[in-house]
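The values are calculated or read from the model by the stated rules, or taken from the named source; none is laboratory data. On a predicted model such as this, the values are computed, not experimentally measured, just so you know. Note that we place each Cβ from the backbone using ideal geometry, even for glycine, and neighbour counts take in every protein chain shown. The protein model used for the area step is the full one, side chains on, heavy atoms only, and it has no ligands, DNA or RNA in it. Shrake-Rupley method; radii C 1.70, N 1.55, O 1.52, S 1.80 Å.
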Amino acid sequence: MQLTKAEEQIMRILWTMEEGSVQDILQHFSENKPARTTVATVLNILESKNFVVHRTEGRVNLYKATVSKEKYSKTQLTGLLKNYFNGSISSLVSFFAKENNLSIEEMDIIMEESKEILKDKNE
């Protein structure tokens, strides 16, 4: 499931905090802080999407992510790969290599790291 920009912003904060209140989340905004009610609304939406749960401590709701950053990232990357690169990892890598003007040395590093990951996975 795709998150909106606002939902993803709140999730990134929760992933670093592990658990927090609306006020705790607001403290992570450096400038252009949203209204408290906006953060509470986004958290309610995230809870309805099963991305967060809350528990009540006194009069304060504490929110916690139920979807890890890694799982969400994997889902997003898989969708990107399927929808924009026809499931081809080589097309994805080629695209990023061209867009970022990667050098041969950088491509060699990517290849070596990939080989190590596959080697470790198969052991």
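Of note:
- Cβ-Cβ under 6 Å pairs, at least 6 apart or on other chains, the stretch 106-123 side at pLDDT 85 or above, far side open to solvent by less than 100 Å² (accessible area, probe 1.4 Å): none
- Of the helices (runs of 4 or more DSSP H) lying entirely inside the stretch 67-123, those containing at least 1 residues that are open to solvent by 90 Å² or more (accessible area, probe 1.4 Å) and more than 30 Å from Glu7 (Cα to Cα) are 89-99, 104-122.
- Some residue of the stretch 9-20 being farther than 30 Å from Ser114 by Cα and of a type in the set (Phe, Trp, Tyr): no
- Selected residue (only one of Val67, Val53, Val42 is within 30 Å of Leu92 (Cβ to Cβ) and modelled with pLDDT of 95 or more): Val67
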